[in-house]
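Presented below is the structure to which this report refers.
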Amino acid sequence: MSVPPSIAPITAPMSKPTDPVNADWWRGAVIYQVYPRSFQDHNGDGIGDLVGITERIDYIADLGVDAIWLSPFFTSPMKDFGYDVSNYRDVDPIFGTLGDFDRLLEKAHSRGLKVIIDQVISHSSDKHPWFQESRQSRTNPKHDWYVWADPKPDGTPPNNWLSIFGGSAWTWDSRRMQYYLHNFLASQPDINFHNEEVQDELLSAMRFWLERGVDGFRLDTVNFYFCSLGLEDNPVVKPEDFNASTAPAVNPYNFQEHLYDKSRPENLAFLKRIRALLDEYPGTTSVGEIGDSQHQLELMAEYTSGGDKLHMAYTFDYLGGAFSPGHFKKSIDLNESEAPNGWICLAFSNHDVVRHVSRWMSHGDRDAFGRLAARLILTMRGSVCLYQGEELGLTEAELSFDDLVDPYGIEFWPEFKGRDGCRTPMVWQSQRHLGGFTTAPKAWLPVPSDHLGKAVDIEEQSNSSMLHHYRAWLHFRREHAVLQKGTIATLDAPEGVLMFTRTLGDERWLLIHNMSDTAVNVPLPAGLAVSPVEAPSTVTEIAHGQVALPAFGSFVGRVG
């Protein structure tokens, strides 16, 4: 594959779509997540970059999505692959330059796509100048920009808080003779949000990107901003409260109830400051990642209700848990009862979890399952995040220990294989070197051979491919506002079946999804007059008051 020439520069950093501002565009929108390291390599170094993404903007736009979410591309030593930022206002050289970002933004906006970028502000890299200064002494101007604490009299850490990446959340610093807090790697020190000067500086960095024309932010670990000033020990999780489906027992972090190291009430005031900033830029939005298996719905309700904090948030209900009507119905009902005024962002896969085709369908007809998963997520209430390669039906890559680069996977191998399996490069051309991702001899992660059969150029050729199924459903969803913004109510259904209605104004639809691998006859709800809707790849026949659904089949009907 030849490397395309650079794209012509633009003159102004401010870039906005040409259509009139729709401040509510995010509600029900579909957002395509791009993991820059693995999307498209332009310069042949084996790592994806911003110019490569720009070259593929037309592909993303043609899917029928509304926006792109770019995972971190900021200056970083890459200990956690960009989630350890050392400069919040610049692009890491491996991804390109600020000019490359401006050109990407311009191209996306010209195709009607919004652009959301990650903000990783609960912590920084230990190479960030702020931390380099903070660790020099207890009296320097930035001495309290991070969370520092004295040891216990015996020299041990201040409390029992644990790092998600293993071990204590505290690391000793001999210069200050104190411990610093890190919820993740020791090279990712936690920022002290109790200091309003720090808040001001972080908001200023966010304004920098808003001025360049971004359409909003995905806020990483949004409930980790504050810890308790009292540094109290976390209590032990009660056995009856432990949820192994969302909190794997392999990690001792999940043995604690995280009352004091995250999800603190002080967070709400800072989220209001973020919203006030965004409100200065009409049409921008925010989506927060809530990492709290015990209180995620409660937090989503708090963080997204009232119109003065986050616009939307996503939880891990569908990034873990069982693929069963029971789990989905319970999650939908809880969301509607606990957060009726909030707004959820749905996701089945992302850069941190096993791809859902592998996670939920370890064997059997993965193709039929993948099509159902697309119909399911695109008919539920909420905005939607689709992860790159999801539209191709990509499975989790099977990697050897020697292939791993993810520190989380290396720490917990082999019981937990980490996040590399979902981060392998996109496959564009089945017959090209490394799937057309790069011209380098080797990519930063292997390109699985079994992914090549699902490359874009192959799926483009078949109207019955997974790619065309996603495109058809994305365009169908866009044509029907009831699927984007309507309310949702679950109904009782036979075993293996999820049934719900979506309602917007006078329009009411009935959705029936067979989540099992066996055919089932589903009686229509009593008292409802239902007529089939011509939706892509769905059953359209009603006989004797019931619908015959094949394995992983769906029915869409209009009520009334």
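Number of residues in segment 319-329 that are surrounded by 17 or more Cβ atoms within 10 Å (Cβ to Cβ) and at pLDDT 95 or above: the value is 5. Checking each residue in segment 59-94 for being among the β-branched types (Val, Ile, Thr) and part of a loop (DSSP other than H, G, I, E, B) picks out 65, 85, 94. None of 211, 289 is touching a Leu at 6+ places or on another chain (Cβ under 9 Å) and either closer than 30 Å to residue 103 by Cβ or at pLDDT 95 or above (or both) except 289. Checking each residue of segment 266-274 against the condition of being under 23 Å from the mean Cα position of the chain (by Cα), among the polar types (S, T, N, Q) and closer than 26 Å to residue 169 by Cβ gives at least one match. Against the list (1) more than 15 Å from residue 28 (Cβ to Cβ); (2) touching a residue at least 12 places away in the same chain (Cβ under 8 Å); (3) surrounded by 14 or more Cβ atoms within 10 Å (Cβ to Cβ), the condition residue 468 fails is (2). Scanning segment 385-404 for residues that are under 12 Å from residue 423 (Cα atoms) and of a type in the set (S, T, N, Q) yields 388, 395. The selection criterion, being closer than 23 Å to residue 285 by Cα and among the aromatic types (Phe, Trp, Tyr), does not hold for residue 81. Between 395, 424, the distinction of being farther than 23 Å from residue 58 by Cα and not hydrophobic (A, V, I, L, M, F, W, C) belongs to 395 only. Counted as qualifying within segment 404-487 are the helices (runs of 4 or more DSSP H) with 1 or more residues that are at pLDDT below 95 and acidic (Asp, Glu), namely 407-412.
The one condition from (1) under 21 Å from residue 474 (Cα atoms); (2) surrounded by fewer than 24 Cβ atoms within 10 Å (Cβ to Cβ) that residue 31 does not meet is (2). In summary, residue 308 fulfils each of the numbered conditions (1) under 23 Å from residue 214 (Cα atoms); (2) crowded, with 19+ Cβ neighbours inside 10 Å with the single exception of condition (2).
Please work out if residue 25 is at pLDDT 95 or above and outside the structural domain of residue 406 (by TED's automatic domain parsing). Taking the combined requirement at face value, the residue satisfies it. A count restricted to segment 229-243 and to residues that are at pLDDT 95 or above and either surrounded by fewer than 17 Cβ atoms within 10 Å (Cβ to Cβ) or within 17 Å of residue 271 (Cα to Cα) (or both) stands at 6. Only one entry in 115, 147, 120 is more than 27 Å from residue 211 (Cβ to Cβ) and crowded, with 22+ Cβ neighbours inside 10 Å, namely 147. Considering segment 328-353, and only residues there that are in a strand (DSSP E or B) and of a type in the set (A, V, I, L, M), the residue that is farthest from residue 419 (Cα to Cα) turns out to be 344.
Per-residue answers, yes or no, for (1) farther than 24 Å from residue 34 by Cβ; (2) without any contact (Cβ under 8 Å) to a residue 24 or more places away in the chain; (3) in contact with a Ser or Thr (Cβ under 8 Å, 6 or more places away or on another chain); (4) outside the structural domain of residue 202 (by TED's automatic domain parsing):
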{"position": "293", "(1), (2), (3), (4)": "yes, no, yes, no"}
{"position": "310", "(1), (2), (3), (4)": "no, no, yes, no"}
{"position": "333", "(1), (2), (3), (4)": "yes, no, yes, no"}
{"position": "341", "(1), (2), (3), (4)": "yes, no, yes, no"}
{"position": "344", "(1), (2), (3), (4)": "no, no, yes, no"}
{"position": "350", "(1), (2), (3), (4)": "no, no, no, no"}
{"position": "356", "(1), (2), (3), (4)": "no, no, yes, no"}
{"position": "375", "(1), (2), (3), (4)": "no, no, yes, no"}
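Scanning segment 109-167 for residues that are closer than 16 Å to residue 198 by Cβ and at pLDDT below 95 yields no hits at all. Can you confirm whether segment 377-390 contains a residue that is under 20 Å from the mean Cα position of the chain (by Cα), modelled with pLDDT of 95 or more, surrounded by 18 or more Cβ atoms within 10 Å (Cβ to Cβ) and in a helix (DSSP H, G or I)? Yes; the residues of segment 377-390 include at least one that is under 20 Å from the mean Cα position of the chain (by Cα), modelled with pLDDT of 95 or more, surrounded by 18 or more Cβ atoms within 10 Å (Cβ to Cβ) and in a helix (DSSP H, G or I).
Regarding segment 493-502, can at least one residue be identified that is in contact with a Gly (Cβ under 6 Å, 6 or more places away or on another chain) and not basic (Lys, Arg)? No, because not a single residue in segment 493-502 is in contact with a Gly (Cβ under 6 Å, 6 or more places away or on another chain) and not basic (Lys, Arg).
Scan segment 141-168 for residues that are in contact (Cβ under 8 Å) with a residue 12 or more places away in the chain and closer than 18 Å to residue 261 by Cα and the total you get is 18. Residues that are assigned to a loop (DSSP other than H, G, I, E, B), touching a Leu at 6+ places or on another chain (Cβ under 9 Å) and farther than 17 Å from residue 122 by Cα within segment 136-171 comprise 158, 159, listed in sequence order. Do we have any residue at all in segment 95-104 that's part of a helix (DSSP H, G or I), touching a residue at least 12 places away in the same chain (Cβ under 8 Å) and surrounded by 24 or more Cβ atoms within 10 Å (Cβ to Cβ)? There is at least one residue in segment 95-104 that is part of a helix (DSSP H, G or I), touching a residue at least 12 places away in the same chain (Cβ under 8 Å) and surrounded by 24 or more Cβ atoms within 10 Å (Cβ to Cβ).
Being assigned to a strand (DSSP E or B), of a type outside the set (Phe, Trp, Tyr), free of Cβ contacts under 8 Å to residues at least 24 places away in the same chain and more than 24 Å from residue 357 (Cβ to Cβ) is a property that residue 503 has. Scanning segment 172-184 for residues that are in a loop (DSSP other than H, G, I, E, B) and either over 29 Å from the mean Cα position of the chain (by Cα) or farther than 16 Å from residue 291 by Cα (or both) yields 174, 175, 176, 177. All conditions but one from (1) without any contact (Cβ under 8 Å) to a residue 40 or more places away in the chain; (2) closer than 20 Å to residue 396 by Cβ; (3) surrounded by fewer than 22 Cβ atoms within 10 Å (Cβ to Cβ) apply to residue 517; the one that does not is (1).
The values are calculated or read from the model by the stated rules, or taken from the named source; none is laboratory data. In this text, all values refer to a predicted model and were calculated from it rather than measured experimentally. All Cβ positions, glycine included, derive from the backbone under ideal geometry; neighbour counts span all protein chains shown.
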